[in-house]
1. Measure nothing but the geometry: give the 0 to 90° angle between the long axis through the Cα atoms of C:73-83 and the longest principal axis through the Cα atoms of chain C, rounded to 10°.
2. What average number of partner chain Cβ atoms lie no more than 10 Å from the Cβ of the residues making up A:65-71?
3. Shortest first, in nm, what separates the label point of residue B:56 from those of the same position in the other copies (7 Å along Cα→Cβ)?
4. Can you put A:71, A:18 in order, fewest other beta carbons within 10 Å first?
5. If I histogram all Cα-Cα distances within the protein assembly as shown using bins 10 Å wide from 0, what percent of pairs lands in each bin?
6. Work out Dmax and Rg for region A:1-46 from the C-alpha atoms and quote the Rg first, both in angstrom.
7. For region C:48-82 and region B:59-84, compute the distance between their C-alpha centroids and round to whole Å.
8. Roughly how far apart, in whole Å, are the Cα centres of region A:1-15 and region C:1-21?
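FYI, it's all coordinate maths here, none of it is from the lab. Remember, it's a predicted structure, so these values are computed and weren't measured experimentally. Cβ placement follows ideal geometry from the backbone for every residue including glycine, while neighbour counts extend to all protein chains displayed.
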């Protein structure tokens, strides 16, 4: 069964597709911003990756959200609620954990269904 | 390939079924209690969801356990050991991370096989 | 659909195989060592498990790396970069979280494709 890697770099691949699933971890691209805007950015990156895989946010199965600071939970949720496909939302797990760039406030790991 | 969402709310779905797998994150419902009782509660929620998907705890493939305090590892394991299907246990990963309600002591994320 | 459990113990199974995927969490075996050597050890354990499942590191789909101390990110990456199958790397998510043995500096959770 074929493994398709999107943007494979030496250290990691941006996303990986196998057996009708895509595996992806999204980080924000606007590191100077607050948690609301970082979440918007990370979610926009998810939209882009899913589009490349002929999928979209209505097909996300699970999402694990890591936030650097608990007090950003409300801001993260605000961006999430504005973005999520209501009625087709994934199961979700959110925890506070340390992130690998000091500017990161949020990181979002997903598994989604694709048609490839 | 069909995606079945159990209890879809605006923000998230309680669980999601796709391609013979169920994705679910369980939280305790007895927030006034200790880690032993919270783990029992979270595991009972897993039993309920799996039953709704025509599955059960012998079909769990992986479990990721997040505990708020490292010193609750023993209490969490006690409830786990009393519950787990010995010989049919999932692979397991446990880390300490911050949880999103201050009363939460444990949160359990699973992927299990279903027959749907 | 069959579930194959590698080294099933009462509390957990070392790894679980189902529907062409293997689920596994690796911990280092050389607990007296630094993060570089612990990562080498955890990655060597991944190689061993994948070999038992007729798979190998070119078939890893996603990896979640938990490190106990952010300052070990560089040492962890050094061991990772020396080991990873360049061009066939998984998607990767790394966070700092508390680990369950005080000697643990790194823990690596993977999902990989197998031919079973």
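1. 40
2. Partner Cβ neighbours, averaged per residue: 3.
3. Label point to label point, same position, other copies: 4.1, 4.1 nm.
4. Numbers: A:71 10, A:18 22.
Arranged by neighbour count, lowest to highest, A:71, A:18 become A:71, A:18.
5. Calculated P(r), rounded to whole percents: 6, 26, 38, 26, 4.
6. Taking only Cα atoms of region A:1-46, I get Rg and Dmax of 13.0, 41 Å.
7. The two parts, judged by their Cα centres, are 24 Å apart.
8. 26
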